[in-house]
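One structure is given below, encoded as C-alpha cells.
Quick note: the coordinates plus some simple rules give every number you see, no bench work behind them. None of these values were measured; they are calculated from a predicted model. Cβ: placed from backbone, ideal geometry, glycine included. Neighbour counts: every protein chain shown.
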Amino acid sequence: MADITSQSRSYQKSIDLFVRAAQVIPEGIYGHKNPAFLLPGACPYYAARAEGGHYWDVDGNEYVDFLCSYGPIILGHNHPEVEEAAARQAADGLCFNHPGAAMVQLAERLVALIPGMDWAVMAKNGSDVTTWAVRVAREHTGRALVVMVRGAYHGAHAWCSAYPGGVLPEERAGVLQIGWNRLDELERLVQEHRGEVAGVILTPYHHPTCSAQLMPADSFWPGVRALCDREGMVLILDDIRAGFRLGMQGSLPLIGVQPDLICHAKAMANGHPIAVALGSEALRAAAEAVFLSGTFWFTPVAMVAALTTLRILEQTDAVAHMARLGTRLGEGMQEGARAHGLRVTVSGPPALPYMTFDDDPDLYHMQVFCREMIARGVFLHPHHNWFICAAHTDADVDYALETAETAFELTRRELGG
Amino acid sequence: MSEMVQASIYLHGVLPLMEDLVEYDPPAARAIANQRLVIQFEVRDGPAAHLEILEGRMRHGTGRHNHPHIRLTFRTPEQLNRLFAGENVRPGIRKGFTRLAFLTKGFPVLSDRLGYYLEGEGKTQTGPESDLFQVRLGLRAMLGGMAAVANYDPSLADMAAASPTGTLLVRVLPDGPHGTWAKARQNGGHRFVATYMQPVAHANAVMEFGSLAVARRVIDGRLSAVVAIGTGEMRIQGLIPLIEKANVFLGRFSRIMGRR
C-alpha cells in the first residue's frame, strides 16, 4: 500500500480527455459515469487498467476499487481463469450467424442454480431484461400497468427512467409507484386499478442513490407475493445490482419468496457484458410471444465468462469472503467516525455497503470524506453504494480504514461534527 | 410548450431583469425617473407579478401587489406572451387609467433597452462592467425561468413532485452575484421560488462559477457548463438530487428561450 499513499495525485490527463470528449460526445461522459455524479475536479474520469481489487486511472493513480465498475467486477479485475476461458472462446470467433453452445449451457446452469426458474433468456444490459420482463408480465396478464418503487433504478429505458428527456407521457402512464416497504400503498393501488395491474417489479432491498439503503420489512415480500397471487399479478425480482454477491441463488434467500421472473446482470460474468431474465414455466408462453433480440445478445464470449464466474463463485468461499470483508469495512468505518465525533450509518448487505453521515442530509460531509479517501487511493463513491469483490484483501480493508482515520478528521475539521 | 409556461417565464424570468436594467442603463434609468408607480401584471387563472417603481429604482415582486396603480389583466397567457414578444396587445386595464402614459411611453423604452442587452448589440459588449451586468441578467433569468418551468410545465410535473425540497444556491466567486432556486412546501403542495441577492441561511446544494469570466462564458454559451464542471471551473456540491432536478428544469428553460 505504500505505493498508493506516496502518490502525488493529479487528474490532468482525465480532465484533458474530458475536454476533448465534450467536443464530440454529448456531456463528455454520459449517464451514471458523468463526473457531475461523482466529485468533479477531485476524482478521475477515465480508467487505464485494473487488476484484482485495484485500478489505475489514465494519470497513473492507483486505487483500491470499492466501486467495482458499479458492480460487475465480483471476482476481481482481469481474473485469470475467467479471462483465459473468454480468450479461448474469442479465439474461436466473436460473433456468429447462430448462438453458440455456451448459450444452452448457461441457460441450463442458471435454471439448475436458481430455484423455481424454468427457462432463461440472455441480453447485454440490465435495462434490456427489466424492460422485457415488464412486457412479458403485460403479455401474460393482458393488463397494462406495472408497479415499481419510487427512487428505484430499473434501467435507463423510457418506462422507468428518472429523467424526462424524450419520454412521452404515454410511456410513463403504465407505471405506478409506491414507497419502499409500503405494502399498504400497493394494496391501495391494486384496489384502485383492480384488474389492470400486470405486475410488480422490485429490487430485493431498496438501494437508491444518495441515501441509506433500506432492507425489506419482514412482512413486505410475503405480503407482495400474496397480493400478486390473489390478484393474478406477475412478481418480478430485479436482482441486477445485488445478484450473486449475496449467494449462488442471488437474493432469493433474502426475500424469502418465489418471484415469477428474475433479472440478473452486472456481477455474473465478472465484467463481461451479459444480462439474463429467468422465468417460471407459467410465463413461458408469454416469453415466447414477446420478441427479444439484439445483434450482440448471442455472442458467446460473455456466456463463457458467466459460466466460469459462476463456477468459481460456487467452488470458492468468494461470497463469504466478500461478506466478511464488507462487515469489517462497515464496522471499521463506524468506529473510525465515532473516534472523530462523527456519526455514520452503514446500510445494505455487507458485500454492497453504503455509508451515510447521520447529520448530513445534504451530503456535504459524504462528499468531503470521499474526496479525501479518493485523494489517498481508496475509491469510494459519495452517492452510490459500494461493492466488495473477492479479490479484495484484509490489507485493502486495513488500508481503507487507516485512510478513513485521516479522512474523518479532515471532514470534521472542514465541516464540523 | 404551453403558453402558460412561456407567460410564467416572462413574468418570473424576464420581468425581474428590469431591476438590473434601470440600475445599469442610462436611457432606462431616465425612463423611470420621477415615477412612483406599481404595475401589476396578471394572467387570468395563471401567474402574476408586479413592478414597483420608486425614486429611480425598480423592484420586481411575484404574485399580486395589494395596492397597484395599474393593473393589467391578460385574459390568456398567449395575450401576455404576444405583448412581451413586441406585438400590439391591449390587455384589460382594470385600474390606473390616469397613469397610462408610462405604459405607452416609458415601458416601451425599458422593453427596447432590455432587448438591446439580451438579443442586440448590447449582448456582445465586454469589459468588467458589461460582464457583471450580463452575468446578473443571465443568472437572474436562469433562476426565475427555472422556477417558472418547475411551477407551470405540465410535462415536468412528475419531476417537480419528485424533486426534493430544498434550496440551491448559485453564486459567482469570489464575491459576484448570487441567487437561489428552491422548492418549498406550500399549502399541502409545493412551490418553486427564485431569489436574487438575498441572504441565504442554509443552502442544501451549491453551484459555483469559479469567476465572473467563467460565468460570462457559460451564460453566453461560449463555455459548456458540462465542460466547466469537468474542468473544475464550475463546482457543484451538496444535495445532488436537487442539482439533478434543477438541471432538468434549466435545460427545459434554455430550450424554450432558444426557440423564441
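Work out which chymotrypsin sites (Phe, Trp or Tyr not before Pro) in chain A are exposed loop sites (DSSP not H, G, I, E or B, at most 15 other Cβ within 10 Å) and give the longest gap free of them.
Values: sites that count: A:Y30, A:F96, A:F291, A:F296.
By the stated rule (loop sites, at most 15 other Cβ atoms within 10 Å), A:97-290.
Which residues in the range A:18-51 have a backbone N closer than 15 Å to a point placed 7 Å from the Cα of A:Y70 along the Cα-to-Cβ line?
Within reach of a label on A:Y70, which here means backbone N under 15 Å from a point 7 Å along Cα→Cβ, the range A:18-51 contributes A:27-39, A:45-47.
Enter the Cα centre distance for the pair the range A:320-352 and the range A:7-34, rounded to the nearest angstrom.
31
Would you work out if the range A:40-198 is rounded, prolate or oblate? Take a ≥ b ≥ c from the square roots of the eigenvalues of the alpha-carbon gyration tensor; rounded if a/c is under 1.5, else prolate when a/b is larger than b/c, oblate otherwise.
Working: a/c = 2.35, a/b = 1.46, b/c = 1.62.
In terms of gyration-tensor shape, oblate.
Past 22 Å, Cα to Cα: identify those pairs from A:K13/A:K33; A:K33/B:K245; A:K266/B:K245; A:K13/A:K124, in the order given. Could the numbers behind the result be given before it?
Numbers: A:K13/A:K33 17 Å; A:K33/B:K245 17 Å; A:K266/B:K245 27 Å; A:K13/A:K124 30 Å.
Flagged as over cut-off: A:K266/B:K245; A:K13/A:K124.
Report ³J(HN,Hα) in whole Hz for each residue of the range A:137-143, in order, from the Karplus equation J = 6.51 cos²θ - 1.76 cosθ + 1.60 where θ = phi - 60°; Gly and Pro get x.
Result, rounded to whole Hz: 4, 5, 5, 5, 9, x, 10.
Estimate the FRET efficiency between A:Q105 and A:E27 by the formula 1/(1 + (r/R0)^6), using the beta-carbon distance for r and 45 Å for R0, to the nearest 0.05. Mind showing how you got there, number by number?
Details: r = 39 Å, r/R0 = 0.87.
With a Förster radius of 45 Å, E is 0.70.
Any chance you could get the radius of gyration and Dmax over the Cα atoms of the range B:125-259, in Å?
For the range B:125-259, the Cα radius of gyration and maximum Cα-Cα distance read 14.4, 47 Å.
When the convex hull of the Cα atoms of chain B is projected onto a plane and the area is averaged over all directions, what value comes out in nm²?
On the way: hull surface 54.7 nm².
Computed as one quarter of the Cα hull surface, the answer is 13.7 nm².
What residue among A:H140, A:F408, A:G348 has its Cα farthest toward the positive end of the dipole of chain A, where the charges are +1 on Lys, Arg and -1 on Asp, Glu, each on the Cβ?
About the Cα centre, the residue reaching furthest to the positive side is A:H140.
Can you give the angle from 0 to 90° between the axis of helix B:128-152 and the longest principal axis of chain B, with both taken from C-alpha atoms, to the nearest 10?
Helix B:128-152 sits roughly 90 degrees off the main axis of chain B.
Just report the Cα centroid separation between the range A:374-401 and the range A:103-125, whole Å.
Each part reduced to its Cα centre gives a spacing of 32 Å.
How large is the convex hull of the C-alpha atoms of the range A:1-86 per residue, in Å³?
Taking only Cα atoms, the range A:1-86 has a hull volume of 116 Å³ per residue.
Cα-based Rg of the range A:186-286 per 2.2 N^0.38 Å, rounded to two decimals?
Details: Rg = 14.4 Å, N = 101, 2.2 N^0.38 = 12.7 Å.
Output field value: 1.13.
Which FRET efficiency, nearest 0.05, do A:F291 and B:A161 yield, Cβ-Cβ r, R0 35 Å? Please report the intermediate quantities before stating the final value.
Working: r = 34 Å, r/R0 = 0.98.
The formula returns an efficiency of 0.50 here.
Ignoring everything except DSSP H segments at least 4 long, calculate the 222 nm mean residue ellipticity for chain A; use -39,500 (n - 2.57) per segment, divide by total residues, nearest 500. If you can, show how the numbers build up before the last one.
On the way: 14 runs with 169 residues, N = 417.
After summing the helix terms and dividing by the residues of chain A, the value is -12500 deg cm²/dmol.
Rounded to two decimals, what ratio of Rg to Rh does the range A:284-417 give with C-alpha atoms and a Kirkwood Rh? Walk me through the intermediate numbers first.
Numbers: Rg = 19.5 Å, Rh = 17.1 Å.
Dividing the radius of gyration by the Kirkwood radius yields 1.15.
Taking neighbour counts of Cβ atoms within 10 Å as a proxy for exposure, in what order, fewest first, do B:M159, A:M248, A:M373 appear? Display every interim value, and only then the final one.
Values: B:M159 19, A:M248 14, A:M373 24.
Exposure proxy ranking, most exposed first: A:M248, B:M159, A:M373.
Could you give the size of the charge dipole of chain A about its Cα centre, using +1 on the Cβ of each K and R and -1 on the Cβ of each D and E, expressed in debye and rounded to the nearest 20? The partial results should precede the final answer.
Details: 31 positive and 47 negative charges, 117 e Å.
Dipole of chain A, to the nearest 20 debye: 560 debye.
Which trypsin sites (Lys or Arg not before Pro) from the range B:22-70 combine a DSSP loop assignment with at most 13 other Cβ atoms within 10 Å?
Details: sites: B:R30, B:R36, B:R44, B:R57, B:R59, B:R64; in loops: B:R44, B:R64.
Listed in order of number, the matching sites are B:R44, B:R64.
Between rounded, prolate and oblate, where does the protein assembly as shown land on the alpha carbon gyration tensor, with a ≥ b ≥ c its root eigenvalues, rounded for a/c under 1.5, else prolate if a/b exceeds b/c?
Verdict is prolate for the protein assembly as shown.
Under a straight-distance cross-link criterion of Cα-Cα below 19 Å, which aspartates and glutamates are reachable from B:K123, leaving out those fewer than 8 residues away in the same chain?
Hits, sequence-local ones excluded: B:E19, B:D20, B:E23, B:D25, B:D112, B:D131, B:D220.
Convert 4 °C to kelvin, take the viscosity as 1.567 mPa s, use the Kirkwood radius over C-alpha pairs of the range B:3-122 as Rh, and evaluate the Stokes-Einstein diffusion coefficient in µm²/s, rounded to a whole number. Could the numbers behind the result be given before it?
Details: Rh = 14.3 Å.
This corresponds to a translational diffusion coefficient of 91 µm²/s.
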